[in-house]
Amino acid sequence: MGGGGLMRYARLGFAALAFFLMMPFAFSQDAVMIMNHKELDPHQRPLVRFTHEQHAAKMDCVQCHHDYDEYLNNKGGEGGVCSDCHVQSPMDGKLSLLEAFHGQCKGCHEVMQREGKPNTPVTCGECHILRK
Ligand code: HEC
Ligand code: HEC
Ligand code: HEC
Ligand code: HEC
């Protein structure tokens with residue numbers, strides 16, 4: 001009893017606290033995302049598998065999660081989804097959701113290919129992979 005018991009509760013409390021602190025990270029981003037936006041239904045191509053965590057480990061969040069001010073300076077994104085701003089059709093000078101994905105994903109991969117980086121898909125079948 002006494003000190004030992006207290007320590008045990010203290011440790012339990014810490015574990016619970018750590019668990020709740022980790023929650024937003026554990027549930028807000030999936031390591032791998034199967035891209036399946038209903039705005040793009042009906043899908044004609046096999047769904048794209050996006051390794052978000054692997055990408056995020058190699059580049060800055062704001063490269064993709066951009067948020068421009070009126071002078072097109074990047075204020076730094078906060079992880080909002082692309083469809084918050086890019087909708088089904090181009091609007092207010094912003095690309096459509098499909099153009100936003102293709103522009104960003106393929107755009108970067110094309111630059112990477114020119115720089116000789118391997119495993120940066122640019123052809124349809126390398127991203128829209130038929131899996132069975
Ligand atoms: C290579 C581009 C890229 C990088 C780098 C990147 N993300 Fe993402 N992120 C995406 C895309 C694309 C989505 C999916 C958005 C959608 O479904 O509309 C996404 C989704 C998310 C989501 C989920 C949003 C939701 O509500 O479902 C969060 C949170 C997030 N990213 C945070 C981050 C953070 C934090 C970093 C940096 C550590 C980061 N991202 C780096 C492209 C990227
Ligand atoms: C907060 C709103 C907002 C969010 C969220 C957002 N964008 Fe954008 N995006 C913009 C604006 C504004 C522009 C600039 C439009 C212009 O040129 O006037 C833009 C431009 C672009 C462009 C063309 C220029 C460039 O910077 O490459 C691409 C591609 C793009 N967005 C893709 C994406 C993708 C993919 C996501 C999600 C990971 C995303 N955007 C999230 C607002 C947003
Ligand atoms: C800012 C640069 C950048 C953007 C934006 C980007 N990628 Fe990549 N991508 C890379 C790099 C670099 C690699 C190769 C490194 C590696 O193997 O992880 C890669 C590799 C890949 C691969 C092959 C390896 C794997 O992880 O499966 C796929 C598939 C892929 N990207 C899909 C996407 C999709 C889908 C998007 C848009 C939602 C996207 N990428 C946006 C830089 C980018
Ligand atoms: C770098 C990866 C990448 C490449 C390369 C790519 N796409 Fe996509 N494509 C995507 C992503 C990501 C989406 C968004 C899917 C979603 O969220 O539902 C998409 C969506 C689509 C859609 C709308 C959804 C559907 O299935 O109907 C079509 C059509 C499409 N792509 C056709 C193509 C064609 C044709 C090519 C080759 C010229 C191509 N894509 C190359 C990543 C890619």
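Readers should treat all values here as calculations from the given coordinates under stated rules, not as data from a laboratory. What you see is a predicted model; the values in this text were computed from it and never measured. Positions of Cβ are generated from backbone atoms using ideal geometry, with glycine treated the same way; all protein chains shown enter the neighbour counts.
Given their separation in residues at 0.36 nm each and the Cα-Cα distance between them, N36 and D60 gain 6.3 nm when the chain is fully extended. For segment 31-127, the alpha-carbon radius of gyration amounts to 1.12 times the rule-of-thumb value 2.2 N^0.38 Å expected for a compact globular protein.
Label separation (L47 vs C85): 2.7 nm, computed from points 7 Å beyond Cα along the C-beta direction.
Between N74 and E126, take the C-beta separation as r, use R0 = 25 Å, and let me know the FRET efficiency to the nearest 0.05. Mind showing how you got there, number by number?
Values: r = 28 Å, r/R0 = 1.13.
So, using R0 = 25 Å, E works out to roughly 0.35.
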